[in-house]
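Before any comments, here is the structure.
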Amino acid sequence: MTADSSKPAIAVLGSINMDLVTTTEQRPAPGETVLGTGFTMVPGGKGANQAIAAQRAGGAVDFLGAVGDDVFADELRGVLSDSGVDTGRLRTVAGPSGIAAIVVDSGGENSIIVVGGANTTMTGLTDEDLAVIAAADILLCQLEIPVETVVAAVMHASANETVVILNPSPAQHLMADLWAHVDVAVVNSGEAKQLGSDLDPVAHLVVTHGADGATYRGPNGRELSQPSPPVEAIDTTGAGDTFTGALAAAWHHGPQTALAWACTAGALATTTLGASSSIPTRDRIEAALPTE
Ligand code: RIB
């Protein structure tokens, strides 16, 4: 990674998928067939989306993950490198890349099924991966790759004073000891409910509330609440990832500023169809930031 003291070095460990996106008036109920209004393929995956969001918001990002050797691989690799993300630690493995089947309804809400493909081969970290994590200012992870690899990365980051930001999504209960090594957890309100007291040992807890913004609780009982700017949402896919990536890129400014950046970036991401395609640049975020 190129050293630039003005940009936080962020190692993102996670998934990268090709999103197969169908749009429809109403998402089908079980057993129901509905007619769609459109179809498109857009690179996504929680890891890749957060990496691109962090890079566009001003970070210097290394992506640690895997693509397959199929028709999607070049485009997936390209979307990261075109955004300026360092792909030196992106593996190419035999077999299919990860995909996500996504249905977006006319209200902008989605349903998503992920088939992990190459992401499931991330069962260990190489010495080079560990070196990137140890040298980074921030490690940012989600849970779309094997959980034991996330645990190993978090422990290694914590031992090397790399700040750990974990977005435990899709939510699952993790070993209790892990949470004390997580500096910042980012969850949506459903995940916060599902994980409950698991999150108590985390120093900084950020909960997103969709269009209603986000809340924060930190050390010494500090609490913050940040509204989202009003926007016309057409697709919420990747909005949480954009929020999390922007939060990571702005974290060195402190929670209050980071929340404002994250809410603004997340809101802007809902105004365009698709995940990686909707992630705003630093200039767009700055222009839309709330004025005090
Ligand atoms: O968070 C949105 C992402 O979830 C999509 O891009 C899809 O690939 C799944 O990982």
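Of the residues in segment 22-29, not one is under 26 Å from ILE133 (Cβ atoms) and in a loop (DSSP other than H, G, I, E, B). Against the conditions (1) open to solvent by less than 10 Å² (accessible area, probe 1.4 Å); (2) within 17 Å of the chain's Cα centre (by Cα), GLN172 satisfies every one except (1). Within segment 278-292, not a single residue is within 23 Å of VAL61 (Cβ to Cβ), open to solvent by 60 Å² or more (accessible area, probe 1.4 Å) and modelled with pLDDT under 95.
In the condition set (1) open to solvent by 30 Å² or more (accessible area, probe 1.4 Å); (2) touching a residue at least 60 places away in the same chain (Cβ under 8 Å); (3) over 15 Å from the mean Cα position of the chain (by Cα), LEU76 is compliant with all but (1).
Test GLU144 against the criterion of being open to solvent by 10 Å² or more (accessible area, probe 1.4 Å) and free of Cβ contacts under 8 Å to residues at least 40 places away in the same chain, and give yes or no. No, not satisfied. For segment 234-272, a residue qualifies if it is within 12 Å of the ligand (Cβ to nearest atom) and aliphatic (A, V, I, L, M), and the qualifying residues are ALA239, ALA269. Within segment 91-124, if we keep just the residues that are over 21 Å from MET41 (Cα atoms) and open to solvent by less than 40 Å² (accessible area, probe 1.4 Å), the residue that is farthest from the ligand (Cβ to nearest atom) turns out to be GLY124. Taking residues in segment 165-194 that are within 21 Å of ALA250 (Cβ to Cβ), and partners anywhere that are among the charged types (D, E, K, R), the pairs with Cβ atoms closer than 8 Å and at least 6 places apart or on different chains are ILE165/ASP183; ASN167/LYS46; ASN167/ASP241; PRO168/GLU191; SER169/LYS46; SER169/GLU144; SER169/GLU191.
The values are calculated or read from the model by the stated rules, or taken from the named source; none is laboratory data. On a predicted model such as this, the values are computed, not experimentally measured, just so you know. FYI the Cβ positions are ideal-geometry reconstructions off the backbone, even for glycines, and counts take in every protein chain you see. Remember, those area values only see protein heavy atoms, side chains included, never the ligands or the DNA or RNA. Shrake-Rupley method; radii C 1.70, N 1.55, O 1.52, S 1.80 Å.
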